[in-house]
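S.K.: This is the structure I want to talk about, given as structure tokens.
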Amino acid sequence: MKMNGLLMAAIVLAALSGVLYWSNHRKPVENAVKVSTDTPPKILTLTQADITKVDIKKKSGDEVALEKNDAGKWQIVGTKPLRADQNEVSSMLSTLSSLTSERLIEEKAGNLADYGLAQPAVEVDVTEKDNKTQKLLIGDSAPSGNAVYVALAGDPRVFTLANYNKTSLDKSEKDLRDKRLLVFEQDKLSRVELTAKKQDIEFGRNKDQWQIVKPKPLRADDSKVEELIRKLGDAKMDPSASPDDQKKATAAFNSGTVVATAKVTDASGTEELQVRKNKEDYYAKSSAVEGVYKVGNDLGTALDKAVDDFRNKKLFDLGFTDPEKIELRDGPKAYFLTKGGSDWFSADGKKVDAIGAESFVEKVRDLAASKFVDSGFATTALEVTVTSNGGKNIEKVFIAKDGDHYVAKRDGEPSLYQLDPVVVTGLEKAAEDMKPAVEPKPQAPKKK
């Protein structure tokens, strides 16, 4: 019985000693209120544009060093320099340059080891263009679990920093490396080449619009070309791939079936991406990055296309704007529609019912090929002329009957567009259904 009592007393004494040690060495959050002001103190205030170097060192021994080059771009320096993800670095620097604490814990910390700051979990060294360097020390987690202890080297103060800010700063080489397989600047692209399905396709940019240059000049569907470019820009490596994964990917690429080769040219030069398929997976090799990487199936399917997949199927280049004038000649019948303000008018100057006019305009706007053909145009059955862009654009389309379908061609262009019959009959019906607008009857004067 005495032994049990002595044992219990020893346990209680040990617990009290632990609490006393914690209270003396780990400053409780309640005590922080006494030294904190209403506004959480700033830890760092830097001009982001003046930062030239950042070195992130971890207690585990991992380290990543960043440096801004002469062109103002960030790169990972070391034995083997690597391109840095400019957006990731910018986001990290945004946090770092205006770093605010949650609260001030101690004005003059007696022992940094109490906060895990004598040997910090993470150290972030920031150098500005005047070669002044500041060192941010990130230590243990605070008792709340939502923050960590931090300090600046040479500053006796200890703060708490929100965990989300720590996450923004605690980066590895894998986090900060540019993972793109092609590093072109999309707004500066002048040419895109694609070899797929035994065809060589080339797109050239004319101002803000893409055109098909090879295998012959053709109208391009801008949205389809932009989608191809977006897929190429989104192609990324997996930086966590092990050397063994790399060997497997290289072997799969070498024994795979060629899907496509894409080349992009901007102001800095030309880059190439080769894509091959092995079983159900796709692998890519880039001229801009060493190695072979497994890529998403969406990239493979985006490149595995023929020239017709990128052609503009629309017969008129109207987009979402209204034309100023439409003329339709359907055999002996003729229809004229002219825009005036927000109203539509017929050839005799009479206002046309808005619903019928808009329906006709939409049928003209939606005229599009079901597919492209090489022959089938004989005698013109319908002729549609559209004037737009303040009279600067005049487009004329001829439509001929070809068996169960119709074939159309644009004036001055050799391409032939096959149209489904429902499209043509819908256009003819919309033209016939246009009626004069019903003018509202004048109201009789009110009797006094």
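The values are calculated or read from the model by the stated rules, or taken from the named source; none is laboratory data. All figures in this text were calculated on a predicted structure; none of them were measured in a lab. Backbone-built Cβ (ideal geometry, glycine too); neighbour counts: all protein chains shown. Just so you know, the surface numbers come from the protein's heavy atoms only, side chains and all, with ligands and any DNA or RNA stripped out. Shrake-Rupley method; radii C 1.70, N 1.55, O 1.52, S 1.80 Å.
S.K.: Collect the residues in the stretch 213-226 that are open to solvent by 50 Å² or more (accessible area, probe 1.4 Å) and assigned to a strand (DSSP E or B), keeping them in residue-number order.
M.R.: Val213, Lys214
S.K.: Still on this model: Can you tell me which residue among Thr301, Thr261 is at pLDDT 95 or above, touching a Ser or Thr at 6+ places or on another chain (Cβ under 6 Å), open to solvent by 30 Å² or more (accessible area, probe 1.4 Å) and of a type in the set (S, T, N, Q)?
M.R.: Thr261
S.K.: Does Phe360 satisfy the criteria of being at pLDDT 95 or above, open to solvent by 30 Å² or more (accessible area, probe 1.4 Å) and over 36 Å from the mean Cα position of the chain (by Cα)?
M.R.: no
S.K.: Considering the stretch 99-124 alone, what residues qualify as being of a type outside the set (Phe, Trp, Tyr), closer than 21 Å to Thr167 by Cβ and crowded, with 17+ Cβ neighbours inside 10 Å?
M.R.: Once the filter is applied, which keeps residues that are of a type outside the set (Phe, Trp, Tyr), closer than 21 Å to Thr167 by Cβ and crowded, with 17+ Cβ neighbours inside 10 Å, the stretch 99-124 yields Leu99, Ser101, Glu102, Arg103, Ile105, Gly116, Leu117, Pro120, Ala121, Val122, Glu123, Val124.
S.K.: Among the residues of the stretch 227-238, is any within 23 Å of the chain's Cα centre (by Cα), of a type in the set (Val, Ile, Thr) and open to solvent by less than 70 Å² (accessible area, probe 1.4 Å)?
M.R.: Within the stretch 227-238, one or more residues are within 23 Å of the chain's Cα centre (by Cα), of a type in the set (Val, Ile, Thr) and open to solvent by less than 70 Å² (accessible area, probe 1.4 Å).
S.K.: Could you count how many residues in the stretch 82-98 are in a helix (DSSP H, G or I), open to solvent by 30 Å² or more (accessible area, probe 1.4 Å) and of a type in the set (Ser, Thr, Tyr)?
M.R.: 3
S.K.: Would you check which residues across the stretch 304-329 are open to solvent by less than 30 Å² (accessible area, probe 1.4 Å) and within 20 Å of Arg365 (Cα to Cα) and list them?
M.R.: Phe310, Arg311, Asn312, Leu315, Phe316, Leu318, Pro323, Ile326, Leu328 - these are the residues of the stretch 304-329 that are open to solvent by less than 30 Å² (accessible area, probe 1.4 Å) and within 20 Å of Arg365 (Cα to Cα).
S.K.: From the list Asp404, Asp420, Asp411, pick out the single residue that is acidic (Asp, Glu) and at pLDDT below 95.
M.R.: Result of the check over Asp404, Asp420, Asp411: Asp404.
S.K.: Shifting gears a bit: Name the single residue that is most open to solvent (accessible area, probe 1.4 Å) among those in the stretch 397-424 being more than 13 Å from Thr380 (Cα to Cα) and over 41 Å from the mean Cα position of the chain (by Cα).
M.R.: Asp404
S.K.: What are the pairs, 6+ residues apart or on separate chains, where a residue within the stretch 425-441 that is in contact (Cβ under 8 Å) with a residue 24 or more places away in the chain and open to solvent by less than 80 Å² (accessible area, probe 1.4 Å) has its Cβ under 8 Å from a residue that is among the aromatic types (Phe, Trp, Tyr) and not in a loop (DSSP other than H, G, I, E, B)?
M.R.: From the stretch 425-441, the pairs are Leu427/Phe360; Ala430/Phe360; Ala431/Tyr335; Ala431/Phe360; Asp433/Phe360; Met434/Tyr335; Met434/Phe360.
S.K.: Sort through Val122, Val54, Val126, Val64 and tell me the only one that's of a type outside the set (Phe, Trp, Tyr) and more than 30 Å from Thr39 (Cα to Cα).
M.R.: Just one listed residue meets the conditions, Val64.
S.K.: Would you check which residues across the stretch 244-275 are within 20 Å of Lys179 (Cβ to Cβ), in contact (Cβ under 8 Å) with a residue 24 or more places away in the chain and in a strand (DSSP E or B) and list them?
M.R.: Listed by number, the residues that qualify are Ala262, Val264, Asp266, Glu271, Leu273, Val275.
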